[in-house]
Structures are given as C-alpha cells and as structure tokens.
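A short write-up of the structure that comes next.
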Amino acid sequence: MFKTAVLDVGSNSVRCSIHSNGNVLVKKIITSRLGEGVSLGFLHSSAIERTVSAICELKHFAIENTIFLI
C-alpha cells in the first residue's frame with residue numbers, strides 16, 4: 001500500500017493527514033499559533049519556533065507511519 005502525507009501550515013495550526021488510494025487514513029493537528037502578532041506586521045520568533053517544532057513532530061509522525069512521500 002502506497003501512503004503519502006500532506007502537511008498544511010496555517011496561521012493557527014499545522015496539520016498532517018496520511019492518505020492511501022484517495023482515502024484519509026489518519027489526521028493529526030498541532031496548534032502552533034503562527035499568526036500571533038501578525039496584526040502588528042510581523043511574526044513573533046516564539047510563534048515561528050513553535051511552528052517549526054510542530055512541523056518536525058509531524059514529519060516524524062509521518063515517517064513512523066511508513067510514509068514514502070511528504
């Protein structure tokens with residue numbers, strides 16, 4: 001079975017969904033609040049760090065689920 005993972009980085013959360021044959025097998029969501037402070041015209045470094053950490057965690061989640069394409 002060929003599985004793929006999709007990472008979606010939004011202003012409030014990072015999502016990972018794992019797919020096979022057009023079906024969603026599992027989803028995981030981490031709230032990172034990347035958009036914190038954007039109304040002031042910039043992203044907070046802490047928000048960027050949280051989001052990078054979430055991306056790394058979801059990458060490992062995808063690898064643990066035998067994903068070949070991220």
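See the values below:
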{"quantity": "Sole exception among (1) without any contact (Cβ under 8 Å) to a residue 24 or more places away in the chain; (2) among the polar types (S, T, N, Q); (3) part of a helix (DSSP H, G or I) for residue 51, by number", "calculated": "(1)"}
{"quantity": "Sole residue being assigned to a helix (DSSP H, G or I) and at pLDDT 95 or above, chosen from 11, 46, 39", "calculated": "46"}
{"quantity": "Hits in the range 54-65 (condition: part of a helix (DSSP H, G or I) and more than 11 Å from the chain's Cα centre (by Cα))", "calculated": "63, 64"}
{"quantity": "Failed item, numbered, when residue 66 is tested on (1) exposed (fewer than 15 other Cβ atoms within 10 Å of the Cβ); (2) without any contact (Cβ under 8 Å) to a residue 40 or more places away in the chain; (3) among the hydroxyl-bearing types (Ser, Thr, Tyr)", "calculated": "(2)"}
{"quantity": "Residues that are farther than 16 Å from residue 9 by Cα and either open to solvent by 60 Å² or more (accessible area, probe 1.4 Å) or touching a residue at least 12 places away in the same chain (Cβ under 8 Å) (or both), drawn from the range 31-43", "calculated": "39, 40, 41, 42"}
{"quantity": "Subset of the range 14-39 [of a type in the set (Gly, Ala, Ser), at negative phi and in contact with a helix residue (DSSP H, G or I) (Cβ under 8 Å, 6 or more places away or on another chain)]", "calculated": "32, 35"}
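So that you can scan it fast, the table gives a plain yes or no per residue for (1) under 20 Å from residue 66 (Cα atoms); (2) open to solvent by 80 Å² or more (accessible area, probe 1.4 Å):
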| residue | (1), (2) |
| --- | --- |
| 2 | yes, yes |
| 7 | yes, no |
| 28 | yes, no |
| 46 | no, no |
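The values are calculated or read from the model by the stated rules, or taken from the named source; none is laboratory data. As the structure is a computational prediction, the values presented were derived from the model and not from experiment. Here the Cβ is made from the backbone with ideal geometry for all residues, glycine too, and neighbour counts use every protein chain on show. Just so you know, the surface numbers come from the protein's heavy atoms only, side chains and all, with ligands and any DNA or RNA stripped out. Shrake-Rupley method; radii C 1.70, N 1.55, O 1.52, S 1.80 Å.
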